[in-house]
1. Do you know which residues of the stretch A:110-137 lose at least 20 square angstrom of accessible area in the protein assembly compared with their chain on its own, with a 1.4 angstrom probe?
2. Just tell me how shielded A:9-20 is by partners: mean number of partner chain Cβ atoms within 10 Å of each residue's Cβ, no decimals.
3. Roll a 1.4 Å probe over the protein heavy atoms and report the accessible area of B:W10 in Å², nearest 10.
4. Leaving out ligands, DNA and RNA, what percent of the accessible area of the stretch B:64-132 is carbon and sulfur, probe 1.4 Å?
5. Please report, as a whole percent, how much of the solvent-accessible surface of the stretch B:16-59 comes from carbon and sulfur atoms (probe radius 1.4 Å).
6. State the dimensionless ratio Rg/Rh of the stretch A:274-317 (Rg: radius of gyration of Cα atoms; Rh: Kirkwood radius).
7. Counting Lys and Arg as +1 and Asp and Glu as -1, each charge on the Cβ, what is the dipole of the stretch B:1-131 about the Cα centre in debye, to the nearest 20?
8. Just the accessible area for A:S373, please: 1.4 Å probe, Å², rounded to the nearest 10?
Amino acid sequence: MSGSSLRGHAAIVGAALAGLGEAPGRSSEDIAIEASVKALAEAGLTTRHVDAVFGSLPGNANPLSALLIAEMLGIQPRFTDNNRTGGSTFLSYTLMAAMALKEGLCETALIFYGSNQRTASGKLVSSVKPFAYEAPYAPIFPATSYALAASRHMHDYGTTREQLAAVAVAARAWANLNPQAFMRGPLSVADVLASRMVSSPLTVRDCCLVTDGGAAIVMTRADRARHLPKKPVYLLGAAAATTHMNIIAMADLTRTAAVDSGQRAMAMAGVAPRDFDVVELYDAFTINTILFLEDLGFCTKGEGGAFVASGAIAPGGALPVNTNGGGLSCVHPGMYGMFTLVEAVQQLRGEAGERQVAGAELALCHGNGGVLSSQITNVLGTEATL
Amino acid sequence: MTHPPATGTWTEGPGPDVIFAQHLAAGEFRIQRCAACARHVFYPRLVCNHCGSVDLHWQAPSGRGTVYAVSVVNRSADKGGPYNVVLVDLAEGPRMMGRVDGIANDTVRIGMSVRARVGQGAGGEPCVVFDPLDPDVSTDREGSAR
């Protein structure tokens, strides 16, 4: 077991989704607040209990999002974090919340996200301005950066477009078990290959959805969590690693900082890749899933393509991955990190319905921010894993 | 600072982005070299990303590079597409984004040798682009990138 006193010290006691898919007429704030209130309600708590608020909203309309949402909820927090590392940031909020809870800086932490990007603009709302040394070549942000990584992985390891497509096919198969998933219905490797090319080798079906959606979780100390209505889901390990911001500054496009974040998060939790029952990876693009499976140690470097093509990550496979349908087929409102956490919580509580992984006790959530830039891993577990 | 600046200009005058752009506007491609660790730096910076020194000096690179990764962006013709976007590892070490001109997009290959020149970006602005470097003719085309 790990020597970290953070292991299992804090637990997720509420988790909720809101505005998944399309939420016409609703602002990003509305969606975030709906999720927040629902998450508190299932925890048996109200806004009056919250004394720490963590979160961010898409774009730059109001970068002080955590202050705004706290104000709108009538909360005057004594601990606030509005850190922005891209879509991964929510998996650092859990770590920060656990640290603040442990130190007695707060009692009840709310973590939120909400976006109306689909119904408001129909496209990704990004807070990243074009980089002067990339803009003249007009890459699509962020798709081309991921496409470049995919091209290099194909070159170095013989990964194929069919293997990339297998990630999207597996995600769709999970989505077909999830009534809340935005994209459902049959999807084959041939369908993915035949869909519109965006930035080669990635087609539109290799790219995540553009949806609305929000999510929130509530965290408190483990000793308090046991007296609340929901089965606690404990934070056993968490770690972040960053290698770059822009893709030109990423040393090896086939190896992400998930190698580092994964090792440290698993060391804190005292677990190994083989121990996980369910894995939720930030699949903004199909290449992400392959890279993260390799970098987190679920298969060896270069074997990710063959691993996913074997059916291992699909329903019925040896390693259930992105059991909600992922960013590729369930929901992707600009920043996806929260959705890895909420899906893991539902799986560990046994509330995932038709897509439930039987006996799920240990889950890995992995967040990605920027263009493979920020990598943050969380290990979550049930009481049995403490 | 471990390495005080040789010129004293790292705290004064135009920053590295401005200097790079001035060279580019004059048709010149320049990168930085660190006097402390002897490694090259791109994109332009105030501080060496390898060793932390501020003793960076501008120089003309050889212009030679190798394609590290490639994607063809499938935008519509009215948006200038399709066109290729590459990452190129310069002979001096740094990696940069670019575009390979003069050949079909689907023939741009990882590992291909290229040579830099100052061309035009998507908005007509000057930027560094690359031409395929034919190994048969490279020997009589030595010289720095212009």
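The values are calculated or read from the model by the stated rules, or taken from the named source; none is laboratory data. Not measured: the values here are computed from a predicted model. All Cβ positions, even for glycine, are placed from backbone atoms using ideal geometry, and neighbour counts span all protein chains on display. Note: accessible area is taken over every heavy atom of the protein model, side chains too, but ligands, DNA and RNA are not part of it. Shrake-Rupley method; radii C 1.70, N 1.55, O 1.52, S 1.80 Å.
1. A:F131, A:Y133, A:P136, A:Y137
2. 0
3. In the full protein context, B:W10 sits at about 80 Å².
4. C and S fraction of accessible area: 49 percent.
5. 49
6. In the stretch A:274-317, Rg relative to Rh is 0.92.
7. 260
8. Its heavy atoms expose roughly 10 Å² to the probe.
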